[in-house]
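Each remark here refers to the structure printed beneath this line.
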Amino acid sequence: MSATFLVEPKFCNGQIVSFMGGEGVINNYRFGSGNWEYLVQMPMGPEPETGRVGYETMIWLSELDICSLVNNFSQKLLNLEQKNLAKAC
């Protein structure tokens, strides 16, 4: 018998995230293929002349492809503080 440990998801429903294609909000998540996958809904732009087909503003992304806007902002602040400290020394 072997034990299986499931790592907690890094992001949660309603969290605003960014990825290579833009920004969006986590709508759902699931564990598959050895890592967490997230259904990200991007903001809708103007409706095209042909109309909307369906959920073209939603995409499943791997946890590796996503970063939190909050964590990203915090990291930028930390880097800025470190640079300012280095200049002061």
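The values are calculated or read from the model by the stated rules, or taken from the named source; none is laboratory data. Computed from a predicted structure; not experimentally measured. With ideal geometry, Cβ positions are generated from the backbone for all residues, glycine too; neighbour counts draw on all protein chains shown. What goes into the accessible areas is simple: the full protein's heavy atoms, side chains included, and nothing from ligands, DNA or RNA. Shrake-Rupley method; radii C 1.70, N 1.55, O 1.52, S 1.80 Å.
I'd like to verify a number: residues in the range 6-47 that are among the hydroxyl-bearing types (Ser, Thr, Tyr) and in contact with a Pro (Cβ under 7 Å, 6 or more places away or on another chain), how many? Total meeting the criteria: 1.
Within the range 30-44, the set of residues being over 9 Å from Thr57 (Cα atoms), touching a Ser or Thr at 6+ places or on another chain (Cβ under 9 Å) and either surrounded by 14 or more Cβ atoms within 10 Å (Cβ to Cβ) or not hydroxyl-bearing (Ser, Thr, Tyr) (or both) comprises Asn35, Trp36, Glu37, Tyr38.
A search for C-beta distances below 9 Å between a residue of the range 37-52 that is small (Gly, Ala, Ser) and any residue that is modelled with pLDDT of 80 or more, counting only pairs 6+ apart in sequence or on different chains, returns Gly45/Thr57. Within the span defined as the range 14-29, every residue fails to be open to solvent by 100 Å² or more (accessible area, probe 1.4 Å) and at positive phi.
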